[in-house]
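Participant: Encoded as structure tokens, here's the structure I'll be asking about.
Readers should treat all values here as calculations from the given coordinates under stated rules, not as data from a laboratory. Quick caveat: nothing in here was measured; it's all calculated off a predicted structure. Note that each Cβ is placed from the backbone with ideal geometry, even for glycine, and that neighbours are counted across all protein chains shown.
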Amino acid sequence: MKPLAEPSVAPPQTESESDAVLQWLRVSAPRAKIEDKANGLRQGRVDAAESGACRVRLASGAALDARVAFGCQPRPQRGDLVQLALSDEACWVLAILERDDAMAHCVLDFGVASVQVQAGELRLHADGELSLHGRQLNSRAEQIGTRAQERQTHIGGSDLTQCGSQLLHVERHLGLHAASATLTSSSLLKLDAGQIHLG
């Protein structure tokens, strides 16, 4: 008498195996599409830009109001091709990809934030005018050198210079004029010239 064979237990069928058509075609069931991590990125052209915000038009024609990301420097201008980051909360301009007019006015705007630049050496070069504007300008250095063809200084208030020693050398003419002038010396006052006129 032969022992009865134990019935084989088939493993649970997957979705593809339970579908008769897919079994016949021997095609696996389609997997769920993996979400593209970059689906929050778009490109568009800036229609208008002002005070940290932009109106950006996508290739589809849709227009979006976007905030300029803090790290997007320089600031976008009208006509720029920009990279956008979209989320459920807001839309940001991440970077400027292309600017038609490379000679357009370029602005680095950090708002009211304090900006510090630290480097071993820092050089500023301008083919045209280099301007510094501020309510107060402070400079501190071991040595300051200035070389120019001409220099003009206009000070509305007082000009105070305090130093250990000062040497003034003029190759041609030196003129000093004031409504009132005082010249004092605690030890020695020396005038040396070919001619001295006092009038």
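Participant: Using 0.36 nm per residue of separation minus the Cα-Cα distance, give me the extension gain between Ser158 and Arg67 in nm, one decimal.
Facilitator: Values: separation 91, 0.36 × 91 = 32.76 nm, distance 4.52 nm.
Length difference between fully extended and current span is 28.2 nm.
Participant: Kindly identify segment 63-112 as rounded, prolate or oblate by the Cα gyration tensor criterion: order the square roots of the eigenvalues as a ≥ b ≥ c, call it rounded if a/c is under 1.5, otherwise compare a/b with b/c, prolate if a/b is larger, else oblate.
Facilitator: oblate
Participant: For Leu41 and His133 in one chain, what is 0.36 nm times their gap in residues minus the Cα-Cα distance, to one decimal in nm?
Facilitator: Stretched fully, the Leu41-His133 segment lengthens by 29.3 nm.
Participant: Across segment 117-124, in residue order, what do the Karplus-derived ³J(HN,Hα) couplings come to in whole Hz, using 6.51 cos²θ - 1.76 cosθ + 1.60 with θ = phi - 60° and x for Gly and Pro?
Facilitator: Each residue of segment 117-124 in turn: 10, 10, 7, x, 9, 10, 10, 10 Hz.
Participant: Still on this structure, please answer the following. Just check segment 54-199 against the gyration tensor rule for me: Cα atoms, a ≥ b ≥ c as the square roots of the eigenvalues, rounded for a/c under 1.5, and otherwise prolate or oblate depending on whether a/b exceeds b/c.
Facilitator: Note, shape of segment 54-199 comes out prolate.
Participant: To the nearest 0.05, what FRET efficiency results for Ala148 and His169 with a Förster distance of 22 Å applied to their C-beta separation? All intermediate terms of the calculation are to be shown ahead of the outcome.
Facilitator: Details: r = 16 Å, r/R0 = 0.72.
Computed FRET efficiency for Ala148 and His169: 0.85.
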